[in-house]
Every structure is written in structure tokens, then in C-alpha cells.
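Peer 1: A single structure is presented below for examination.
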Amino acid sequence: MSTIPNANLFAALRAAFPTDLDGLAVETAAGQRYSWRDIDRASAMLANLLDSLGLKPGARIAVQVEKSVEAMLLYLATLRAGYVFLPLNTAYQSGEMGYFITNAEPEVVVCTRRNFGWVGQIAFASGTRHVFTLDDDRTGSLLERAAAMSDTHAVAHRNADDLAAIVYTSGTTGRSKGAMLSHGNLLSNAQVLKDYWHWQPGDVLLHALPIFHVHGLFVAIHGALLNGSPMLWFDKFEPRAVLQALPRATVFMGVPTLYVRLLGEAGLNADAVKHMRLFISGSAPLLIETFTDWQRRTGHTILERYGMSETIMLTSNPYDGERRGGTVGFPLPGVSLRVAEGGEAGGIEVKGPGVFSGYWRMPEKTAEEFTADGFFKTGDVGRISGDGYVTIVGRSKDLIISGGYNVYPAEIEGVLNELPGVAESAVVGVPHPDFGEVGVAVVIARPGAVPDPQALLADLKSRLANFKIPKRCFVLEELPRNSMGKVQKNLLREQYQQLFT
Ligand code: MCA
Ligand code: AMP
């Protein structure tokens, strides 16, 4: 028997389950209840199913399914069996999925029954041996096969630097890159946040974020499980239903759009949130108006934090001290954060136990993103106040964050430029009251062509995830350029600044 402690993240989460395994672990909005024993047994059955497939060590399990408790169980089972989880947003269309699957070469793909035809075709064509289905009503071949498996499973032994997940994230140019996250990256971050946010007995997390990305999958789920806290589970964010459930919760995590939509509910007041302990925001800048409106309406001060797929959480406003609006707080314990160029504001560079080991099969890209002394270049621009608060003032990367989802203009422009009648295009982000920021496309026609903006957007929608589609499209005579011939996106941004406000 190995004497080295098991660094598998699941082992730590399982060790934090309460002693009473019959207590409530998850309750869905539809009233379905799962005990801790259910979570343990079901993740064991799914882990045994994965083990029965004879997968290679390090095999990727790619999952594109709607949010459900079973989807979370599949994540936990993948950790438990020691394979590598690859979450994929259900909005991704076939071109996007084709790229992820050929790049990651998963041995197992799990998709919805509705998408089995096309996802299965892509997967089998790129060498995937097993394609299962899983729907959000607890049906599909994955659960049918798992039902025959044993409900006990010894957690696979993993080292801290063994891979646990690959999260795809786009770059300034080119295709998406898979950020490789280890058991050690994920567990160390979860442990730091448990202390920093004062997770405590009696906590209940209201979980209403998607679980395809770091915020909902890691920050939220690990937080609750590592504290042995139950979750009130919403497959979709419905502000009214969430508001009604808040009296039973103590912790809530959201992207700013969720707070904006909750503020739109007349019933949001101090009484409705009187049992709450903590509201956390991240993934996109929280406007100071939202921060102060929330304080005024509820008496609670939202705690804003900052992170990335490549690093998990990096900074947080304090639990006890001043939560300063417009800032993302202090570097978390163990995180070294500096501003490049030594000036007032500059590129944020970070080092710490949550920082990933590199991009999947892209050693050159990985090398480009790290400094000679081992700091990761985030692409965010920030400054640090005299008393240590970090403020994100902009981004050096050309990125739009819309409702907490990242949209890379280069990707949209690449697809737009291929459409009939389009000579060239530019996509910029402009302020939006609901999503914070949305994309606007500007297109230059080919000589003699008269492209219809609505038709272009409809065409884009069949090729890209819906949240990436610009909300408006304009056909112009020419793009503003500087003397070097570079498109001046700042001028386009200024021109369309007021479009939605
Ligand atoms: C939906 N739509 C959007 C977005 N979401 N448009 C722009 N940006 C969006 N984020 C559009 C759809 O394309 C559709 O348009 C219409 O809205 C309705 O779609 P539906 O899916 O019903 O929308 P919704 O349910 O109202 O979704 C809004 C949402 C969602 C709840 C705010 O976007 C969301 O859950 N966002 C959270 C993202 C998140 O978890 N990010 C964390 C990433 P049409 O009808 O024209 O098709 S992790 C991260 O960033 C780092 C690590 C960190 O620090 O956390
Ligand atoms: P992702 O690629 O999905 O991991 O998104 C990471 C990016 O989200 C960061 O590089 C930031 O630009 C942004 N981000 C996350 N949290 C915040 C925040 N609290 N304020 C501003 N930007 C944020």
C-alpha cells in the first residue's frame, strides 16, 4: 500500500461529507432531494462505469450536457476514478465541438440525446471509443449503464500535479487553448477560499450558475462540498425562483448579470435576504451602481473576487474588512500578484498554487504566456492601491465579457470574414445594461455585394455558440485605421458606446 497521501481532489471532498450521510446534500428547484449517501453511491457507480471501460491513464472525459445534479455526479466520478474532466458549454455548435474533440482526443464523450447524432459523429470520427447520453431528466445511456455497477469505489490515488480537468479558454488570437488544471491546483484554491470566505457549519449554497465553467463548477461546488454544506440547485437562473429560495440559503455566487436581474425583482429587500451570510460576485466587472444598489436594497455588501480559468481564484475582497466597490480586493494567501512595467497601471502577472501547468499540447503558447521568472501573464490590466486593493482597469487582450461569458472578437471576425459578401469585419464590446458588455459587429462589403446584417447574424448563429453572436451588425464603407493600417477599435467602441444605454 502506498504511504504517500492521496492528493485526489475527490478524496478531500469526500472526507468533508458530514458524518450523517442521510442528511440533505442537494435539493433541486423541482424538489428532488439527494443525500450525502446518494452522492457517494452515485459517484461510485459512475466511477466504476468509467473504470470498466479500460481507459488509458489520463483519459479525457468530454461532457456537453445540460446542467443537472447527475452532470455534477459525472464530474465527481471522473475525479474519483482519476480521469480528466473536460466541461463543454451546451451552446457550442458543431464547428466548435469539432475543434475541442479533435484537439483533446477524449476517450469518452457524454452528450444530450438530442445532440447524439452530430456529436457522436464528430467523436467517433476522431477516435473516441465511447459516446454516452445524459439528459437533465435523469435519462440516457450513461445512467442506464451505471445502474448495473457497484455502489462502492476506492478513490484512485493521484498526485497533486496529476491532471484533473482541462478547461478551454480562447486567446487573443487563434483557436481555444485547453488550460490544464491539476488536483493540487483545484484543491489548494478550494481550501484557501474555505477559510477566506469563512465557510461555516449551517451554510447552504444557492447554486444557480452553469457548470461548464470555473465559477459554477469549481468555485461554487468545491466550496459547498469541502464544507459539507448542502446546495439548493437551480438548473437555470430564474430570478424570481432564486429570490424565493434565498431565505433557505446563506451563500450565493453570481456573475454581475445575476445581481442586475435580481435587482429587477420588486421583492428584493432586506427581509428577503435576512438569512444570507454572503453574496459573492465574479467573472466580470461588477459595476459600482450594482454594488451600491445592492447595498441600499438589501443591506448586504457584495464581495467581489477575481480569477481566471488558467489560475482559478486570484484575489478577493476581505470577509471582515472593507469590501471596496470597484476593486477585486487582495491577492489570496499564496498568490503573488504584480503589475508589470512597474507603473501606475500595467499587465497583471501572477504566481501561486492555483496557477495551471500549461495549455494542452501547446508548449509554445504556454511559454509565451509566462515570464522568465515564472509569472503567468493574465492579459488583464490593473493597479494596486497604497493599501493593497487590486483594481482591474482594463484588458490588454481583445476580449469581450458578456454576462460572464468570454467572447473573443478574433474568433467572430474569422467566421464573419468567410460569409458571402463580406470583405472584412471588426467586432467590439460596448456597454449593455443586462450583460455588462455585448459585441457589436462592423462589416465591410465586397465590391458589388450588399450583405444584409440580419442575415449575417443568423448565419453566425448557426456556426457559433449563441452568447458569442453580436447583438447588432452594421455595414460600413470602411474601417477606421491608424497610419500603420491597424483597425482603430477604440473609435468603433466610442461610436457605438451609447447603443444600448
Ligand atoms: C444568454 N444570452 C447571452 C448570454 N447568455 N448573450 C450574451 N451574453 C450572455 N452571457 C442570449 C442568448 O444568446 C439568447 O439569445 C438569449 O440571451 C436567451 O438565452 P438564455 O440561455 O435563455 O439566456 P439566460 O438563461 O437568460 O442566460 C443569461 C445568463 C447566462 C443567466 C446570465 O449567460 C449565464 O448563466 N451566465 C453565467 C456565465 C458564467 O457562469 N461564467 C463564468 C465563467 P437569442 O434568443 O438571440 O438566441 S468562469 C470565469 O469567468 C472565471 C474563471 C471567473 O472569474 O469566474
Ligand atoms: P475566463 O477566461 O473565463 O477564465 O475569464 C477570466 C477573465 O474574466 C479574467 O482574465 C478577467 O478578465 C475576467 N474577470 C474575472 N473576474 C473578474 C472581476 N471580478 N472583475 C473583472 N474581470 C474579471
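Peer 1: Label-point separation (nm) for Glu424 and Arg33, each offset 7 Å from Cα along Cα-to-Cβ?
Peer 2: The modelled label-to-label distance comes out at 6.3 nm.
Peer 1: To continue, here is another question. Run the numbers for Ser385 and Ala372: contour at 0.36 nm per residue of separation, minus the present Cα-Cα distance, in nm.
Peer 2: Taking 0.36 nm per residue and subtracting the Cα distance, the gain is 2.1 nm.
Peer 1: At 25 °C and 0.890 mPa s, what whole-number value in µm²/s does Stokes-Einstein give for the translational diffusion of segment 1-79, with Rh from the Kirkwood sum over Cα pairs?
Peer 2: 174
Peer 1: In bins 10 Å wide, starting from 0, what share of all Cα pairs of segment 127-166 does each bin hold, as a percent?
Peer 2: 21, 30, 43, 6
Peer 1: Can you tell me, using C-alpha contacts under 8 Å and at least 6 residues apart, the relative contact order of segment 11-146 as a whole percent?
Peer 2: 22
Peer 1: Sticking with this structure for a sec: With viscosity set to 1.306 mPa s and temperature to 10 °C, compute the Stokes-Einstein D of segment 389-501, Rh being the Kirkwood radius across alpha carbon pairs; µm²/s, no decimals.
Peer 2: Value of D from the Cα-based Kirkwood radius: 109 µm²/s.
Peer 1: Just the ratio, please: alpha-carbon radius of gyration of segment 1-150 over 2.2 N^0.38 Å, N its number of residues.
Peer 2: The value comes to 1.07.
Peer 1: Per residue, how big is the convex hull of segment 44-133 when only Cα atoms are used? Give it in Å³.
Peer 2: Expressed per residue, the convex hull around the Cα atoms of segment 44-133 is 80 Å³.
Peer 1: Mind checking the log10 I(q)/I(0) for segment 199-312 at q = 0.11, 0.12, 0.19 Å⁻¹? Debye, one equal scatterer per Cα, no solvent, two decimals.
Peer 2: Here the Debye-derived log intensity ratios amount to -0.31, -0.37, -1.00.
Peer 1: Lys/Arg Cβ at +1, Asp/Glu Cβ at -1, dipole of the chain taken about the Cα centre: which of Leu226, Leu74, Tyr496 is farthest positive-ward?
Peer 2: So the residue we want is Leu74.
Peer 1: Okay, next question. Val450 to Trp118: FRET efficiency via 1/(1 + (r/R0)^6), r the Cβ-Cβ distance, R0 35 Å, to the nearest 0.05?
Peer 2: 0.60
Peer 1: What dipole magnitude, in Debye to the nearest 20, does segment 285-332 give about its Cα centre under +1 on Lys/Arg Cβ and -1 on Asp/Glu Cβ?
Peer 2: Value, rounded to 20: 120 debye.
Peer 1: Using only alpha carbon positions, build the gyration tensor of segment 183-260, then give the equivalent ellipsoid semi-axes as the square roots of 5 times its eigenvalues, largest first, whole angstrom.
Peer 2: Square roots of five times the eigenvalues give 21, 15, 10 Å.
Peer 1: Once all Cα-Cα distances of the chain are split into 20 Å bins that start at 0, what whole-number percent is in each one?
Peer 2: Result, from short to long distances: 22, 57, 20, 1 percent.
Peer 1: Would you mind getting me the FRET efficiency between Met484 and Tyr99? Use the beta-carbon distance for r and R0 = 35 Å, nearest 0.05.
Peer 2: Computed FRET efficiency for Met484 and Tyr99: 0.65.
Peer 1: State the Cα centre-to-centre distance between segment 295-330 and segment 106-184 in whole Å.
Peer 2: Computed from Cα coordinates, the inter-centre distance equals 32 Å.
Rule-based calculations on the coordinates, nothing more; no lab input. The structure displayed is predicted, hence computed values, not measured ones. Positions of Cβ are generated from backbone atoms using ideal geometry, with glycine treated the same way; all protein chains shown enter the neighbour counts.
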